[in-house]
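Okay, structure first, notes after.
The values are calculated or read from the model by the stated rules, or taken from the named source; none is laboratory data. In this text the structure is predicted, and so the values were computed from the model without any measurement. Using ideal geometry, Cβ is built from the backbone for each residue, glycine included, and neighbour counts are taken over all protein chains shown.
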Ligand code: HEM
């Protein structure tokens, strides 16, 4: 396996890019752009127009949404309420914030919101026909088959495959100052994806897979979105083609085998009506699943480690709990670590790893009394919604205690806490993510103590959600006997 980098080679470049984007954003955000209705509601409908403005010519508000997504979203919410619009490279995008607006799009009563059309302009070329990019009846049929790869017994199989690799890697982490934690967790999860998702033996094949997969994800996040030779987008497309060939070649053997890895399970999955996936479906779903699982979990683990590195009282409490409990079966992870459970929830609330979700309207519709015409691109802002003081007192403070007994946020609103989304596209991997994060944290807590430098704030960028751009340096200290 390739060695873990001790520092991020791209770090100076990342920080220079962010500095440049930040300076540019402060210029574009001051541009005087007139507030207008997105479109006039039908006469006599009693609906209100969606208000907003385009922002800077061509770019619109794009830079502000990258550089200061939280401030930007909260300022729009204050000014326009839960439904507003903003410009960005030729698009006019409606932003939904707050549990009521989110619920309307997720529950999708009038089938007005298409996930396939919303996500296509964002990640379509790299993840086409992944389950999130399917709609309505077709989505339902695929989800019924995929669900069979996420039953409790399937999860138990993944847990068994996952445990040794996590334990081996976490206990081998060095006690260097400034250890790039986010980089290390991403590598751990990529290796784990090769073993648990694909059933590949670690080595050159797994390395090739990890690197192709990494390039595919980066392609989807490229700023310059064109097939220019040598560019991130082009590299991503070539990597996706190699992944397609890799998966397709193995399907017959996996269908006939008994493997407990996710790929084998997807090859053998059958819905209750006996339907199964075609070869092309398996390839598309596998590539999408790798993406959906990977960065989201890496962000959650990293931000939890960051907050615990600043809140040592919570870190110690979680360590006591980890030391007292020994079981690491599914049932234990579900119930035996209540403090870890609430700390993880608080991280999902503060740093929603799938921070913005996209939809496009296929008919005229309304959200919270605002008229939204057909063919409107819609951004569901999960991240900023869970940082609204209207629903969360002192929303920027890390306080897992708010989820302990009595702090039942579901009673306030069912979608006030919704880091895994809602409705038919709600995350299928929620329990997978839960067990993965808890296993890594359990090992970490039992073997190390850590802190972040006083006053340190990670340099953040935007990937699937808020993402550390500086590798997240922390200092691990090995515990005696750890
Ligand atoms: C902390 C970790 C994770 C978070 C916060 C998260 C969040 C989400 C959210 C918000 C959605 C809804 C997307 C939408 O409505 O447009 C989603 C969908 C999805 N997630 Fe996750 N996810 C996580 C981990 C995982 C893992 C580990 C897997 C797989 C093993 C996974 C697989 C999926 C899939 C397949 C979908 C699409 C479901 C569909 O369209 O029917 N996710 N996730």
Return a yes/no flag: does segment 124-132 have any residue that is surrounded by fewer than 20 Cβ atoms within 10 Å (Cβ to Cβ), within 12 Å of the ligand (Cβ to nearest atom), farther than 30 Å from residue 480 by Cβ and within 19 Å of the chain's Cα centre (by Cα).
-> yes
Just give me the residues in segment 75-93 being under 12 Å from residue 61 (Cα atoms) and outside any helix (DSSP H, G or I), in sequence order.
-> 85, 86, 87, 88, 89, 90, 91, 92, 93
Qualifying residue in segment 50-61 (condition: more than 27 Å from residue 391 (Cβ to Cβ), buried (at least 23 other Cβ atoms within 10 Å of the Cβ) and free of Cβ contacts under 8 Å to residues at least 40 places away in the same chain) | yes
Considering each residue of segment 420-437, count those that are closer than 15 Å to residue 331 by Cα and either within 6 Å of the ligand (Cβ to nearest atom) or in contact with a strand residue (DSSP E or B) (Cβ under 7 Å, 6 or more places away or on another chain) (or both), and give that number.
-> 2
Which members of segment 17-49 meet the condition of being assigned to a helix (DSSP H, G or I), surrounded by fewer than 16 Cβ atoms within 10 Å (Cβ to Cβ) and touching a residue at least 40 places away in the same chain (Cβ under 8 Å)?
-> 22
Enumerate the strands (runs of 3 or more DSSP E) found wholly within segment 348-419, keeping only those where 1 or more residues are within 16 Å of the ligand (Cβ to nearest atom) and closer than 17 Å to residue 106 by Cβ.
-> 356-361, 365-367, 377-381
For segment 146-158, state whether one or more residues are farther than 29 Å from residue 266 by Cα and either modelled with pLDDT under 95 or in contact with a helix residue (DSSP H, G or I) (Cβ under 8 Å, 6 or more places away or on another chain) (or both).
-> no
So, first residue free of Cβ contacts under 8 Å to residues at least 12 places away in the same chain and closer than 14 Å to residue 358 by Cα in segment 120-135, second residue more than 11 Å from the ligand (Cβ to nearest atom) and part of a helix (DSSP H, G or I), Cβ within less than 9 Å, six or more apart or across chains; the pairs are 124/220
Looking at residue 465, is it within 16 Å of the ligand (Cβ to nearest atom) and either more than 13 Å from residue 185 (Cβ to Cβ) or in contact (Cβ under 8 Å) with a residue 60 or more places away in the chain (or both)?
-> yes
Of (1) farther than 26 Å from residue 437 by Cα; (2) within 14 Å of the ligand (Cβ to nearest atom), residue 217 satisfies all except one. Which?
-> (1)
Qualifying position, being assigned to a helix (DSSP H, G or I) and farther than 20 Å from residue 186 by Cβ, among 225, 245, 240 | 245
Report yes if some residue within segment 450-470 is in a strand (DSSP E or B) and farther than 26 Å from residue 292 by Cα; otherwise report no.
-> yes
Considering each of 115, 64 in turn, give the residue that is surrounded by 22 or more Cβ atoms within 10 Å (Cβ to Cβ) and farther than 25 Å from residue 374 by Cβ.
-> 64
Within segment 436-470, track down each residue that is within 17 Å of the chain's Cα centre (by Cα) and within 21 Å of residue 172 (Cβ to Cβ).
-> 436, 437, 438
